[in-house]
Every structure is written in C-alpha cells, then in structure tokens.
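Below is one structure, written out as structure tokens; the observations come after it.
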Ligand SMILES: [Zn+2]
C-alpha cells in the first residue's frame with residue numbers, strides 16, 4: 001500500500017476489524033446486505049500522514065440519504081457563525097467584492113452567515129439532501145464532488161477565490177493531492193485557505209479512537225498538513241486549536257511567501273515532535289491504549305448487563321459506530337440509542353444493530369445508566385440533562401478514560 005500523499009510504502013499498525021459505514025443507519029430489511037470494510041489505520045514515516053489503508057467509495061458514504069445535518073446542533077451553529085466572522089474580519093475586510101468558496105458546505109450552516117452579509121459565496125456539497133436544504137434558504141450550492149474539472153468550472157463562472165473554507169471535510173477526501181492542486185489553482189495570489197478537522201495530537205493524547213471511521217481517511221497534524229499542501233505551493237501560516245469534535249485544529253494556509261507565518265505554527269510543529277507524532281512507537285502505544293480502552297468499556301457494560309441494569313446510549317453519532325463495533329456492544333448491552341435526528345430514528349445502528357429511538361423515549365423513562373457517545377458535547381448535554389441525574393441516572397464515558405461519573 002502506498003501513502004496517499006507522498007507515495008511511500010506504508011502498512012497498517014493496527015486493525016479495528018470489519019466496520020460498516022459509520023453513518024449507515026439502516027432498517028432491519030437491510031441487515032443481510034450491509035456493507036463492511038476493514039478499518040485499519042496507517043502512519044507514513046516520510047510525510048507523517050495518519051491515514052486509512054482502505055476507504056469505501058465516496059458514493060457509499062455521501063449520498064441523497066446522508067444522515068448528518070450540521071445545523072441540528074445549536075452549538076455548531078454558534079461555532080460556524082464565529083468561524084464566518086473570523087474569516088470576514090481577518091481575510092475579507094477591505095477587499096472589493098470578495099468571493100468565498102466552501103467545500104462540503106452541508107446544509108449551509110457556515111455560508112448562511114456570508115449570504116446574510118451579502119458576500120458572494122458558493123458551496124460544494126455532494127450529498128444532495130443536505131445541499132437542497134441550503135439551496136432552499138438561498139445559499140448558492142452545487143451538488144458535486146470537488147475535483148480539478150470542477151475547480152476550472154468555478155474559476156470560469158465565479159473567478160478566483162479570496163477564501164476557500166472547509167470544516168470537517170478535508171479529512172474526508174482521499175485524493176488530497178488533487179484537492180490541494182485545485183485549491184491552489186482557485187485561490188487569488190493573496191487568498192487564504194482555512195480548514196478545520198479533528199486533530200491528531202488530541203486523538204493520540206486522549207485515545208479518542210472514535211475519530212477513526214470511514215469518512216475520516218486522514219487525521220491531520222501541523223506536520224502532515226505542512227508536507228501535503230506544501231507540495232502544491234500552499235504554506236501553513238497559522239494554526240488555531242478548536243474544541244469542536246473533541247479536539248480540532250483550524251489550519252490557515254496561503255500561497256507560499258504571500259503572508260507572514262505565525263509563531264503558532266513553529267510552536268505546534270515543535271510540540272508535535274515532542275509528542276512523538278513522527279515516531280512509529282507512538283502509534284504502537286496508541287494501539288495498546290485503544291485495546292485497553294475497549295477492554296475496560298466492555299467489562300463495565302458486561303458487569304451492568306449481568307446485574308440487569310438498564311443502559312441507554314446517548315447520541316447516535318458517526319463516531320459511535322467505531323466504538324460499538326470495535327468493542328462489540330449490541331442491544332444486549334445497550335437497550336437503544338437516543339438521538340434527535342429524525343432520519344436516524346426507527347432505524348438501527350450500523351453493524352451492531354442497536355435500535356435508535358427519539359429523545360422522548362429516553363426522557364420519559366430514564367435508564368439507570370447512559371453511555372455518552374456524544375462525549376464531545378458533554379458540557380452542553382450535562383446541563384440539559386439535569387433531570388436524568390436527579391433521578392439517580394449515571395453517565396458512562398470513555399474519553400479520555402472509561403469511567404462511570406458519580
Ligand atoms: Zn507519506
């Protein structure tokens with residue numbers, strides 16, 4: 001297997017086993033035909049990119065039934081408003097009739113803010129159901145996959161971009177070289193590329209291995225971003241840590257030499273060296289940490305099962321698919337998973353087939369334990385669920401370690 005960035009020989013350092021599509025919530029008549037692939041990460045010694053060995057074809061993951069609508073979370077709405085404000089102040093301010101392009105614009109959660117400010121914008125969103133939501137709100141959106149042809153077409157129809165943005169999207173795209181070349185082609189000579197994705201340093205530190213699932217073909221670091229985008233003349237000029245998704249990084253890039261490089265970049269590169277993100281041993285230790293976390297979570301749930309306690313999952317997230325399948329947690333451990341997304345309700349979780357039920361089913365009859373799959377929104381959830389706690393309910397978490405919160 002060759003590295004997707006630099007074509008060096010790479011091999012997997014661990015396997016999470018057969019995995020279904022993380023967002024592939026399904027009805028019981030589809031159990032027989034469910035698709036599986038081997039979820040196995042690798043690390044490239046040369047360019048330091050953390051990547052999946054195998055990724056399902058994009059059409060299996062992003063389609064007209066895509067089950068993730070960004071705007072469902074109020075917290076994410078606030079986050080993307082702040083992201084858009086940051087771009088307007090830091091990049092667009094003072095520019096004449098600027099143009100903003102967003103890759104993977106979902107239901108328009110970020111572009112809405114540019115539209116409201118009267119800024120020329122375009123979203124690229126291959127999942128047509130979420131793209132339709134954006135279009136219905138007047139947000140310019142194309143339902144296609146981004147590639148060089150599309151970059152040329154955008155260039156012809158809209159001109160060069162002042163800013164290209166992406167959030168939780170860049171890490172989805174296996175052909176990163178094509179994407180980087182397309183963006184380099186599209187950006188003005190003083191344009192800015194800004195994207196944010198789950199951050200490798202946080203994942204290694206917290207053993208939050210549930211960041212690893214089909215959609216995330218890459219988990220980036222400042223080191224690997226410098227290498228991969230540097231090949232296409234784009235320079236990392238700033239890095240800004242984000243708390244979203246349990247630890248993300250916003251990378252700011254620009255055509256080489258066009259902008260000063262912030263001290264933050266050097267600081268983070270040094271920190272990554274100190275953390276050993278370039279060393280094979282770090283990933284061997286990560287594998288052992290994943291195995292220990294899996295064994296601990298399984299024993300907690302088996303113990304509760306043996307004492308006939310009711311355990312309900314909280315948040316049927318994409319990330320939960322890696323947890324339930326790797327730890328082999330099924331309906332015998334988890335009665336159901338509560339989720340507010342209508343498209344998931346009445347269906348079953350990928351692979352382990354735990355029923356997904358509306359939030360009201362949880363709140364009407366609290367279980368004794370709730371396994372917090374949406375751990376990255378823990379604070380927001382704990383505040384909302386005081387009633388559960390008052391009735392004696394206990395939370396189970398697994399990041400950064402497996403524990404029952406008293
Ligand atoms: Zn490589």
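FYI, it's all coordinate maths here, none of it is from the lab. What you see is a predicted model; the values in this text were computed from it and never measured. As a convention, Cβ positions derive from the backbone with ideal geometry for all residues, glycine included, and neighbour counts pool all protein chains shown.
Please quote Rg/Rh for region 273-406 to two decimal places, taking the Kirkwood radius as Rh and restricting both calculations to Cα atoms.
Computed over Cα atoms, the ratio is 1.00.
Just to be sure I understand: if I project the alpha-carbon convex hull of the chain onto a plane and average over all orientations, what area do I get in nm²?
Mean shadow area of the hull around the Cα atoms is 19.4 nm².
For the chain, modelled as a Gaussian network with Cα springs under 10 Å, which listed residue fluctuates most, 270, 152, 32?
It is 32.
Just want the ordering: 394, 401, from fewest to most Cβ atoms lying within 10 Å of their own Cβ.
401, 394
Quick check on the chain: helices-only [θ] at 222 nm, where DSSP H runs of length 4 and up contribute -39,500 (n - 2.57) each and the sum goes over total residues. Nearest 500, please.
Result for the chain, helices only: -10000 deg cm²/dmol.
Mind jotting down the distance between the C-alpha centroids of region 387-401 and region 116-151, whole Å?
39
Would you order 377, 158 from fewest to most other beta-carbon atoms within 10 Å of each residue's own beta-carbon?
The order, fewest Cβ neighbours first, is 158, 377.
Tell me the Kirkwood hydrodynamic radius of region 33-172 in angstroms, computed as one over the mean inverse distance between distinct C-alpha pairs.
Every distinct Cα pair counted, the radius reaches 16.5 Å.
When 103, 2 are ordered from fewest to most other Cβ atoms inside 10 Å of their Cβ, what list results?
Arranged by neighbour count, lowest to highest, 103, 2 become 2, 103.
Treating the angle as unsigned and between 0 and 90°, give the value, to the nearest 10°, between the Cα long axis of helix 176-186 and the longest Cα principal axis of the chain.
So the helix axis and the longest Cα principal axis differ by about 40 degrees.
Quickly work out the residue 38-to-residue 274 label distance, labels modelled 7 Å from Cα along the C-beta direction, and quote it in nm with one decimal.
Result for the modelled spin labels: 3.8 nm.
On full extension of the chain, what length is gained from residue 90 through residue 296, given 0.36 nm per residue of separation minus the C-alpha to C-alpha distance?
Length difference between fully extended and current span is 69.6 nm.
Expressed as an acute angle from 0 to 90° and rounded to the nearest 10, what is the orientation of the C-alpha long axis of helix 263-275 relative to the principal long axis of the chain?
It is inclined by approximately 40 degrees.
If packing is taken as the average count of other Cβ atoms within 10 Å, what order do 325-336, 258-269 fall into, highest mean first?
By packing density, highest mean first, the sequence is 325-336, 258-269.
Whole angstrom only: what separates the Cα centroid of region 184-219 from the Cα centroid of region 37-53?
A separation of 14 Å, based on Cα centres.
Rounding to the nearest 10 and keeping the result within 0 to 90°, find how far the Cα-based axis of helix 280-306 lies from the longest principal axis of the chain.
The answer is roughly 30 degrees.
Rg and Dmax of region 256-346 over Cα atoms: what are they, in angstrom?
Values for region 256-346 (Cα only, Rg and Dmax): 20.3, 63 Å.
Under 20 Å from the 7 Å Cα→Cβ point of residue 60, by amide nitrogen: which residues of region 10-34?
12-34
Could you give the distance between the Cα centres of region 266-343 and region 1-32, to the whole Å?
16
Could you check which residue among 246, 351, 387 shows the biggest mean-square fluctuation in a GNM of the chain with a 10 Å Cα cutoff?
387
With the chain treated as a Gaussian network of Cα nodes joined by springs under 10 Å, which of 140, 231, 391 yields the largest mean-square fluctuation?
391
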